[in-house]
Amino acid sequence: MKIRSGVFIIGLFLIIVLCGVTAYNNYFLQNSKLSGNHLPVGSILALFFLAIFINVPLKKFANHLALSSTELIVIWVMLIVTLGIPSMGFLQFLLPTLVAIFYFATPENDWSETLHHYIPEWLVISDRNAVRNFYEGVDQSGSIPWSIWLKPLCVWTLFALVFYFTTLCLSILLRKQWIEHERFSFPLVQIPLEIAATSPKEQLFNSFFKNRFLWLGMSLPILLHLINGLHAHFPNIPEIPRIYHIHRMFHGKPWHTLGWWPAVRIVIYFSVMGIAAMLTLEVSFSLWFFFLFFKFQYIIMNAIGLEINPWISCSRQVMGGYLIFVPAVFWIGRGHFVDVIRKTFSRRNQRLLIDDTNEPLPYRIALFGFLIGFATIVIFCWIAGISVWVSLIVMLAIFITSIVLSWMVVNGGLLLVQAPFFPSEYITIVAGSSVIDSRSLALLGFQRGFFRDWGEFMMPNFLHNFRVFQESKLSQRKILSILFLSIAVAVIVSAYTSLDLIYGKGALNLQRWVYVNAPRNYFQRMSNMIQFPTHTRWDEVYSMIGGASFTFFLLWVRHHFIWWSLHPIGYLLGATYPPFHLWFSVFVGWLIKYCVLKFSGPSGNNKLRFVCLGLILGEYLMVGVWMIIGLFTKIGYFALPS
């Protein structure tokens with residue numbers, strides 16, 4: 001199907017608008033984030049607006065101008081790959097990282113000796129006035145030092161584009177196995193597909209918007225967020241609590257560990273309940289069960305007096321589990337990956353090999369693209385000053401993490417994911433920081449800017465694109481160039497608006513965690529490693545071995561016993577930030593689906609699906625309305641996982 005050029009113009013316009021307001025919305029108002037997770041609220045709002053307020057009038061008065069279902073989906077995929085750029089997907093932590101290393105340097109922390117002379121000038125902002133004004137703001141006669149920012153931004157943008165391309169190639173290699181062979185559920189794309197679905201001939205709305213169970217599901221989140229949004233603007237109106245800190249009921253040892261990070265609390269997210277109820281019972285049960293399982297470990301460790309911090313032990317278990325789960329992914333799909341290798345290197349008649357005509361890129365280009373992209377990133381790190389062997393291990397850890405977290409998003413339906421460790425910790429835990437030279441350690445401080453918060457990383461977005469393109473029968477190869485053009489536009493707009501806000505307000509007056517705590521804490525951590533080298537941390541290594549062994553056990557039992565209901569992906573989510581927010585809502589979604597299947601069977605489950613979609617859409621629309629109002633009233637409303 002041919003896509004009209006005006007569709008791309010609409011998509012780029014929406015990218016400019018949404019990326020343009022993200023910094024102000026996220027860091028000054030501290031509103032619910034326009035992106036913030038892997039189903040960006042900005043993308044759903046834009047799609048809903050186009051489908052209802054633009055398309056419906058066009059269908060009635062100028063049907064030939066109305067956007068088709070495929071064209072709506074093209075706009076949506078342009079948005080989901082770009083809305084994370086001004087936030088966690090690229091610039092949120094990168095911009096302060098380029099400046100904080102100089103602004104927070106003091107005689108006491110001695111960064112000038114331990115860090116500064118190892119950092120190439122072309123990577124950072126070292127001009128004193130530019131650094132000071134970044135954090136303290138410019139006066140009315142001052143201006144933003146664009147010429148100083150140009151070189152570092154170009155360097156990091158080039159790095160990001162190579163990384164995105166490498167990630168795209170890896171996603172293409174996994175696409176057929178995950179979408180066609182294993183038939184992953186992709187729960188997060190259900191809402192955009194339904195909103196954009198074609199309406200029957202001569203009808204203005206598609207069947208999705210006419211389903212009474214959809215409106216039943218929407219009613220509850222709309223009511224709650226209507227009341228709570230009014231409370232934010234008019235405090236005299238009572239608020240309906242959404243957060244309950246149940247850990248505060250436990251004070252005695254060892255139960256007080258329920259309040260240790262991440263504390264046990266109840267948070268109500270209707271969208272998460274809806275997504276969880278659309279998952280298999282095995283996955284949804286595992287997602288909430290293992291959070292409580294890790295918190296039970298906290299209690300046991302504290303009761304018997306183990307020296308290792310419980311959170312450290314649990315995070316190291318997850319690190320070990322990753323090293324087992326990813327080989328299992330490739331083992332399960334070994335037939336497909338062998339076919340890909342044959343397609344790439346065989347000189348036989350290509351018609352006798354695996355068909356890749358429907359892939360976004362031919363397998364030969366995808367495999368060589370991944371290898372060349374990986375090598376290019378390692379060379380970039382080497383030019384910057386990181387040892388080659390360190391770069392190789394760190395980048396390998398990054399792509400291992402990407403595969404695990406992408407599985408969680410596309411098959412587990414998790415809006416929010418996070419790895420509870422830095423990629424370089426595979427080295428510093430097993431061998432100690434003493435094996436890494438000081439220059440490499442100093443430069444690894446930039447991990448905090450790019451490879452620590454995975455809430456908006458790109459790989460699940462590419463996989464979601466492939467899934468919706470398959471549904472819409474659209475040629476995926478025709479869209480790739482548009483996606484990278486969209487990313488380039490988003491980077492330019494986001495960098496301009498972010499720096500304009502930061503220099504206008506001063507980073508010290510914006511979100512403190514992003515601009516102060518995160519970059520300062522991690523550079524201090526790397527400085528400490530340089531000054532006080534560490535050796536193998538055996539208690540953490542034992543935790544990694546234990547996590548790897550338990551993950552292998554879960555995979556083996558699941559493969560051999562049909563009745564086994566625990567999926568290792570819940571274990572690999574660990575005791576991290578996402579389940580801290582989501583576990584209770586996932587539990588409610590699991591319980592609802594369990595009861596419906598038990599008492600109503602498949603027919604009840606079909607009705608439940610529309611109720612679930614209503615819970616998601618109702619929460620997103622109502623929170624989105626308050627976000628838009630907040631842009632004018634300057635009153636934030638934070639109510640979505642991010």
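The values are calculated or read from the model by the stated rules, or taken from the named source; none is laboratory data. Just so it is clear, the structure is predicted and the values come from calculations on it, not from any experiment. Glycine also receives a Cβ, built like all others from the backbone with ideal geometry; neighbour counts cover every protein chain displayed. For the accessible areas, the whole protein counts, side chains as well, though only heavy atoms, and no ligand, DNA or RNA atoms are used. Shrake-Rupley method; radii C 1.70, N 1.55, O 1.52, S 1.80 Å.
Data for the structure
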item: Exclusive hit being surrounded by fewer than 24 Cβ atoms within 10 Å (Cβ to Cβ) and of a type in the set (A, V, I, L, M, F, W, C), set F90, F48; result: F48
item: Residues of region 51-73 that turn out to be without any contact (Cβ under 8 Å) to a residue 60 or more places away in the chain and crowded, with 21+ Cβ neighbours inside 10 Å, as a count; result: 1
item: Test: residue in region 4-27 that is touching a Gly at 6+ places or on another chain (Cβ under 6 Å), under 30 Å from N521 (Cα atoms) and surrounded by 24 or more Cβ atoms within 10 Å (Cβ to Cβ); result: no
item: Helices (runs of 4 or more DSSP H) wholly inside region 551-642 containing at least 1 residues that are within 21 Å of H38 (Cα to Cα) and open to solvent by 10 Å² or more (accessible area, probe 1.4 Å); result: 577-599, 601-633
item: Odd one out for E307 among (1) outside any helix (DSSP H, G or I); (2) open to solvent by 40 Å² or more (accessible area, probe 1.4 Å); (3) of a type outside the set (G, A, S); (4) closer than 30 Å to M622 by Cα; result: (4)
item: Region 89-115, residues that are of a type in the set (D, E, K, R) and not in a loop (DSSP other than H, G, I, E, B); result: E113
item: Condition broken by G229, with the remaining ones in (1) open to solvent by 10 Å² or more (accessible area, probe 1.4 Å); (2) farther than 19 Å from I73 by Cβ; (3) not aliphatic (A, V, I, L, M) satisfied; result: (1)
item: L443 being more than 20 Å from S406 (Cα to Cα), surrounded by 21 or more Cβ atoms within 10 Å (Cβ to Cβ) and among the hydrophobic types (A, V, I, L, M, F, W, C); result: yes
item: Every residue from region 103-117 that is open to solvent by 50 Å² or more (accessible area, probe 1.4 Å) and within 31 Å of the chain's Cα centre (by Cα); result: Y103
item: Of residues in region 472-487 being modelled with pLDDT of 85 or more and not aliphatic (A, V, I, L, M), the one farthest from C154 (Cα to Cα); result: S481
item: Among residues of region 317-348, those that are free of Cβ contacts under 8 Å to residues at least 12 places away in the same chain and open to solvent by 90 Å² or more (accessible area, probe 1.4 Å), counted; result: 5
item: Residue satisfying condition, being in a helix (DSSP H, G or I), open to solvent by 10 Å² or more (accessible area, probe 1.4 Å) and of a type outside the set (V, I, T), within set S434, S402; result: S434
item: Count of residues meeting criterion [loosely packed, with under 15 Cβ neighbours inside 10 Å and touching a residue at least 24 places away in the same chain (Cβ under 8 Å)] in region 147-160; result: 1
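Table: residues versus (1) in contact (Cβ under 8 Å) with a residue 60 or more places away in the chain; (2) touching a strand residue (DSSP E or B) at 6+ places or on another chain (Cβ under 7 Å); (3) open to solvent by less than 30 Å² (accessible area, probe 1.4 Å).
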position: Y164; (1), (2), (3): yes, no, yes
position: L173; (1), (2), (3): yes, no, yes
position: A196; (1), (2), (3): yes, no, yes
position: E202; (1), (2), (3): no, no, no
position: F205; (1), (2), (3): yes, no, no
position: I240; (1), (2), (3): no, no, no
position: W260; (1), (2), (3): no, no, no
